[in-house]
1. Under the Kirkwood approximation for Rh and a Cα-based Rg, what ratio Rg/Rh is obtained for segment 17-101?
2. Net charge around L73, counting only other residues with Cβ within less than 12 Å of its Cβ (Lys, Arg = +1; Asp, Glu = -1)?
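Nothing in this text is a laboratory measurement; each read-out follows from the coordinates by a stated rule. Everything quoted here is computed from the prediction, not taken from an experiment. For neighbour counting, all protein chains shown are included, and Cβ atoms are generated from backbone atoms with ideal geometry for every residue, glycine included.
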Amino acid sequence: MSAHGEVNLTWGDGDQVFNISKIGQALELQDKCGAGVGTIMNRLLTGSFMFNDFRETIRLGLIGGGMEPSAALTLTKRYVDERPWRESVLVATAIISSAMVGVPDEKVGKEPADQTASEATTTVALSDPPSTASAPPSDLALDKSTISPPGN
């Protein structure tokens, strides 16, 4: 099983393991980019990125995935600095996304102690009839003059 936030991508000269979810890599990324990881992700998604947003995400992701820092820098120079930016933005987005929300088939949280109890809970929850009542809007104030006391 892979570590939390670890993603395997075909990039550069082969299959690479990236992981930016390790606190050391995330803190260094924030320092190099002058922004939090959420802001970096937003900049990548909206196209308002700075070069270090994708460059350092990839380099630090390689290191977090187990690559030696010197080898990570060599690959970054070759496949980030010398390639079209959009390729790197897509890779960096995948790396940060896997740290923030996980990757397919990644088990997050605790394993259930008793699978039968877990299935029973799910069955009960799914067998409850759906409610047809609408919840009142939460931003409306009640007009107390139209509410009459019980018994009137």
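1. Across segment 17-101, the Cα-based Rg/Rh ratio is 0.92.
2. That sum, taken over residues with Cβ under 12 Å, equals +1.
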